[in-house]
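Read through the structure below, which is laid out as structure tokens, and then see the notes.
Computed from the coordinates by the stated procedures, all read-outs in this text should not be read as laboratory data. A quick note: this is a predicted structure, and the numbers were derived from the prediction, not measured. Heads up, the Cβs are rebuilt from the backbone with ideal geometry, glycines too, and the neighbour counts pull from every protein chain shown.
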Amino acid sequence: MNKIHRKQPGSKAFKRALKERDYYINRIVKEIPLAEVKTLVLENIKDIKKNTRKEKKLNKEFRSKFQRWTYSKLISRIQQLSEVGGVHCQMIAPAYTSQTCSKCGFVHTLNRNGEIFKCRQCGYTLDTDYNASLNILNLGLAQQSMVAGNMKGNVCL
Ligand SMILES: [Zn+2]
């Protein structure tokens, strides 16, 4: 994926690299089993203030992988495909999701230590991103149960 910025814009090699990237992104999107799910719960990155450290870090990581793509563009693509597939796309504000224990709900900045999440209250230990995505799913489910009762087949990204 880092091949793109070494090519001359407009050259054949550049176009080929862009094509390869689009193929890769489409493959990621296709892996989401839209036919089997009713709801997608996504972290709403648009709620993150512009130019914050988190936004910069996320976009930097994204740009290095998917030249000229940003996380919000990928989300838009997923939303488009969800609409086509009749899947409800639920956006969740990511506040505190990386500091909250997905098991007991305890919130503390020190719960998070780089890649590893370790709860200061119950000792639950897991990958930081995985813990955050569980929190996003839990928030999504809590909001849905208020609105729609029980739902089956949720996927969290
Ligand atoms: Zn805990």
Requested in this report: Would you please list the contacts, defined by Cβ atoms under 8 Å and residues six or more apart or on different chains, that run from a residue in region 105-127 that is on the phi > 0 side of the Ramachandran plot to a residue that is more than 10 Å from the ligand (Cβ to nearest atom) and among the polar types (S, T, N, Q)?
Outcome: GLY114/THR128
Requested in this report: State which residue pairs qualify: first residue farther than 11 Å from GLY85 by Cβ and inside region 17-37, second residue of a type in the set (Phe, Trp, Tyr) and surrounded by 12 or more Cβ atoms within 10 Å (Cβ to Cβ) in any location, beta carbons under 6 Å apart, and separation of 6 or more residues or different chains.
Outcome: ARG21/PHE66
**Report entry** Total residues in region 97-134, condition hydroxyl-bearing (Ser, Thr, Tyr), within 18 Å of the chain's Cα centre (by Cα) and in a strand (DSSP E or B)
**Finding:** 1
Report task. State yes or no: is GLN99 buried (at least 16 other Cβ atoms within 10 Å of the Cβ), free of Cβ contacts under 8 Å to residues at least 60 places away in the same chain and within 16 Å of the ligand (Cβ to nearest atom)? Result -> yes
Report task. Being assigned to a helix (DSSP H, G or I) and touching a residue at least 24 places away in the same chain (Cβ under 8 Å) is the filter here, so list the residues in region 82-96 that pass it. Result -> SER82, GLY85
